[in-house]
């Protein structure tokens, strides 16, 4: 039996059932338990992960009763758990294109949040990070 780089066991000619089946069981358990942390399995490169994003455009903003504050309610896509997710915001377009901002964000429900800004001309791209 040959042990590979992350601890998986590779059978070799002549391995008997008393060696093969426990190794198979260990491999299945390791496949179940690995988390791509670089220790128990190979890390997943960021280039292989597609970000979940959305956009808020100027026409989406709704002025609040207080005035000078505009808000937009965003429903999160299926599979995004707000309790385990950070939301990053970047300006899209204009002289500050790509600049990260930190608008006021509050939960609206378990699958929606409200974003508030003081400039309704902003186009914001948001990204879920978990």
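Just so it is clear, none of the values below were taken in a lab; they were calculated from the coordinates. Predicted model, so just to flag it, every value in this text is computed and none were measured. Reconstructed Cβ throughout: ideal geometry from the backbone, glycine too, with neighbour counts over all protein chains shown.
The alpha carbon convex hull volume per residue for the chain rounds to 139 Å³.
Taking 0.36 nm per residue of sequence separation and subtracting the Cα-Cα distance, how much length would be gained by fully extending the chain between residue 33 and residue 116, in nm to one decimal?
Working: separation 83, 0.36 × 83 = 29.88 nm, distance 4.07 nm.
Using 0.36 nm per residue and subtracting the Cα-Cα distance, I get 25.8 nm.
Given the peptides 47-59, 81-93, arrange them by the average over their residues of other C-beta atoms within 10 Å, most packed first.
On the way: 47-59: 11.2, 81-93: 13.9.
Those peptides, ordered most packed to least, come out 81-93, 47-59.
For residue 44 and residue 25, the difference between the fully extended length at 0.36 nm per residue and the C-alpha to C-alpha distance is 4.4 nm.
Averaging the sequence gap over all C-alpha pairs within less than 8 Å and six or more residues apart, then dividing by the number of residues, gives the chain a relative contact order of 24 percent.
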